[in-house]
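A.B. asks: Sharing a structure here in structure tokens format.
The values are calculated or read from the model by the stated rules, or taken from the named source; none is laboratory data. Fair warning: this is a prediction, and the values are worked out from it, not measured in the lab. Glycine gets a Cβ as well: all are built from the backbone with ideal geometry, and neighbour counts include every protein chain shown.
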Amino acid sequence: MALSDAAVVALARDGDSEAFRALVERHGRAVFRLAHRMTGSRTDAEDIVQETFIRAYRQLSRFESRASFGTWIHRIAMNCTIDLLRSRGSYHEAAYDDELLKEPSIQQTVPRAPSPERLILSREVKDAVQNAMGALSPLERSAFVLRHFEGRSHEEIGEALGLGTSATKHSIFRAVRKMRVVLAPFVES
Amino acid sequence: MTPHLTEDDLLLHYYGETDPSREGIVAAHLGACAECRASLVGLERLLAMVNSGVDVDLPQTFERDIWRRLAPHVVRPHASVLWSTVLTPRWLAWGAAAAGVVLAVLLVVQLRLHGPSPRKAADEGPHRAPATADVFRERVLLADLENHFERSEMMLVELVNTSHYTPAEIQREQARAEDLLAANRLYRQTAANVGNAPVAHVLEELERLLVDVAASSPTAAAADLEVLGRRTESQSLIFKVRVLSRSTDRGFEGPSTQG
Ligand SMILES: [Zn+2]
């Protein structure tokens, strides 16, 4: 039977590098997924995975065995990602201008909906979704990902992103509105 | 019937975050309004599509690739407790200093070889003095120094660029640093004897660095230097050193042409 995370953490804390490797293997993909959802960049996500586990390794002694290692590493990954986005200094800038929400002609710039047969291809869906999420500012994207995929409360997200509860809610509203505009042709088809 | 629900109302409803005071109103409206129910279905479809398309496919080798990148930072196979706890923080400081020291050596060498110096000006003056033993020794020192510097630079560049050493390579690096250290001591003493304080000073700094390389674990050092290289752009400093090194090679005519 596989050892529990808590048991593996205890071994890793005693300097067993193979135990730490097991933790990386168990949680690396989930950390990558979170980082990629928040940044939209494979390269950034890989860097964040590395930085997350380096931070975790250095802070292993602070991990409380009663807590879930998965939750703990997720929190570190979230902080690493927010640090990276902040360091870029473009935290509030939208990849597309916010006029996206007002401009009716935007519909013309959005890729035309592919035929239903083509939509079956997950590649098409992925491209469309990546495109839609690329239209969000890093802040909107982070707020949406933390709410939608991580199930965090508005208060938790606000605290992590340095926003008030109301501003957090509005970032999530704006994110969903923008994605609806970009994905409308796909959703309706 | 109450006014139609907004997109924001629908999203809060979807996440179960409707303000308790409005829950009844929202539920009643959805029950009575086909248009808002359709909007809610549209929202659900939108978010389902986001769920299915947000992630990229990862290769089977993902875990192995990540571990390969991580291992140099979290595994110290050959470093003793002393090395890892005492020398690693020093290495961070030395790593930053290393490229700077090399650059300083180069600048001094270049200045001495190509720039105007008071002694050279005096040599070319109307009352030209015969070369003293000190001047000769200094010229020999400067010529040798260039070679010494190149070898030191090569070692530093390799330290920055190599992230993993085998035990044999560690021994080789330590032996190499010891060689350079012995030569460095001679050059520093000569520089001090002939009164070339700037060269003596940078050699002194280089010597401290070489002492650490000779005595410590290049594995731990290299891992830290690799991180440092990315974060402090010491890589670009080494690049500048290389450019300067080439210009020194081209411009260097050797001491004999001055006599
Ligand atoms: Zn309605």
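A.B. asks: Taking into account only those residues within the range A:4-15 that are more than 10 Å from chain B (Cβ to nearest Cβ) and assigned to a loop (DSSP other than H, G, I, E, B), which is surrounded by the fewest Cβ atoms within 10 Å (Cβ to Cβ)?
C.D. replies: Among those that are more than 10 Å from chain B (Cβ to nearest Cβ) and assigned to a loop (DSSP other than H, G, I, E, B), it is A:D14.
A.B. asks: Output the residues belonging to the range A:146-176 that are surrounded by fewer than 16 Cβ atoms within 10 Å (Cβ to Cβ), part of a helix (DSSP H, G or I) and within 12 Å of chain B (Cβ to nearest Cβ).
C.D. replies: A:E155, A:T165, A:S166, A:H170
A.B. asks: Sticking with this structure for a sec: Could you check, for the range B:192-208, whether at least one of its residues is farther than 20 Å from B:M154 by Cβ and among the acidic types (D, E)?
C.D. replies: yes
A.B. asks: Return a yes/no flag: does the range B:20-41 have any residue that is within 11 Å of chain A (Cβ to nearest Cβ) and among the acidic types (D, E).
C.D. replies: Checked against the condition, which is being within 11 Å of chain A (Cβ to nearest Cβ) and among the acidic types (D, E), the range B:20-41 yields no hits at all.
A.B. asks: Return yes when B:L5 is farther than 21 Å from A:A128 by Cα, crowded, with 16+ Cβ neighbours inside 10 Å and either within 15 Å of the ligand (Cβ to nearest atom) or of a type in the set (K, R) (or both) and no when it is not. I'd like the intermediate steps shown before the answer.
C.D. replies: Numbers: farther than 21 Å from A:A128 by Cα: yes; crowded, with 16+ Cβ neighbours inside 10 Å: yes; either within 15 Å of the ligand (Cβ to nearest atom) or of a type in the set (K, R) (or both): yes.
Yes: the conditions hold for B:L5.
A.B. asks: Could you count how many residues in the range A:1-53 are of a type in the set (S, T, Y) and touching a residue at least 24 places away in the same chain (Cβ under 8 Å)? Steps first, answer last, please.
C.D. replies: Within the range A:1-53, the first condition is being of a type in the set (S, T, Y), and the residues that meet it are A:4, A:17, A:39, A:41, A:43, A:52.
From what is left, the residues that are touching a residue at least 24 places away in the same chain (Cβ under 8 Å) are A:39, A:52.
Within the range A:1-53, residues that are of a type in the set (S, T, Y) and touching a residue at least 24 places away in the same chain (Cβ under 8 Å) number 2.
A.B. asks: Can I ask one more? Exactly one condition in (1) facing chain A (nearest Cβ under 8 Å); (2) surrounded by 15 or more Cβ atoms within 10 Å (Cβ to Cβ); (3) more than 16 Å from the ligand (Cβ to nearest atom) is false for B:L11; which is it?
C.D. replies: All conditions are met except number (3).
A.B. asks: Does the range B:61-69 contain at least one residue that is surrounded by 15 or more Cβ atoms within 10 Å (Cβ to Cβ) and within 16 Å of the ligand (Cβ to nearest atom)?
C.D. replies: No: zero hits.
A.B. asks: When you look at B:V56, is it away from the ligand (no atom under 16 Å from the Cβ) and either modelled with pLDDT of 95 or more or within 10 Å of another protein chain (Cβ to nearest Cβ) (or both), yes or no? I'd like the intermediate steps shown before the answer.
C.D. replies: On the way: away from the ligand (no atom under 16 Å from the Cβ): yes; either modelled with pLDDT of 95 or more or within 10 Å of another protein chain (Cβ to nearest Cβ) (or both): yes.
Yes; evaluated as a whole, the condition is true for this residue.
A.B. asks: Another question, if that's okay. Which condition does A:F186 not pass, out of (1) of a type in the set (F, W, Y); (2) touching a residue at least 60 places away in the same chain (Cβ under 8 Å); (3) closer than 17 Å to A:R33 by Cα, if it passes all the others?
C.D. replies: The failed condition is (3).
A.B. asks: Determine whether B:V50 is facing chain A (nearest Cβ under 7 Å) and either in contact with a strand residue (DSSP E or B) (Cβ under 6 Å, 6 or more places away or on another chain) or closer than 15 Å to A:A132 by Cα (or both).
C.D. replies: On the way: facing chain A (nearest Cβ under 7 Å): yes; either in contact with a strand residue (DSSP E or B) (Cβ under 6 Å, 6 or more places away or on another chain) or closer than 15 Å to A:A132 by Cα (or both): yes.
Yes.
A.B. asks: Any residue in the range B:32-47 that is over 16 Å from A:M179 (Cβ atoms) and more than 13 Å from the ligand (Cβ to nearest atom) sitting within a Cβ distance under 6 Å of a residue that is at pLDDT 95 or above and assigned to a helix (DSSP H, G or I)? List the pairs, counting only those 6 or more apart or interchain.
C.D. replies: Note: no pairs meet the criteria.
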